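Worksheet: one structure, shown below.
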Amino acid sequence: MGSTLQAAERSIRHLIADGIRKLVLDLTTLNYIDSSGIGVLISSNGQMEQAGGVIRIGGAQGAVAQVFRLIHMDRIMPLDDSVESACASLREGGGRIV
């Protein structure tokens, strides 16, 4: 696992530990994702769900969106076409969104 991926996973874990329960991951500029990246997303989502929160993915495009469709990522965690729509979905429940 690359250092960037480890740093992202660590950051998400810290946010959850700090009490964040609504998180939007902006993937609009991500051009590629492999099984390690998907594993981090799924693991982070599980941690957030155990803490009583939700992570939404916003803006996945191109090859990333295609991979998500192939593996039915929407059955695992919420996917939105844009960061704005992900935030709007979380805002409906109130509270702070990171």
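FYI, it's all coordinate maths here, none of it is from the lab. Remember, it's a predicted structure, so these values are computed and weren't measured experimentally. Note that each Cβ is placed from the backbone with ideal geometry, even for glycine, and that neighbours are counted across all protein chains shown.
Worth pointing out:
- Counting only Cα atoms, the size of the chain along its three principal axes is 32, 27, 22 Å, in decreasing order.
- Span-like helix ranges in the chain, DSSP H, alpha carbon extent 20 angstrom or more, Kyte mean at least 0.0: 3-17, 35-50
- If R0 equals 41 Å, the separation of the Cβ atoms of Ser82 and Ser3 corresponds to a calculated FRET efficiency of about 0.90.
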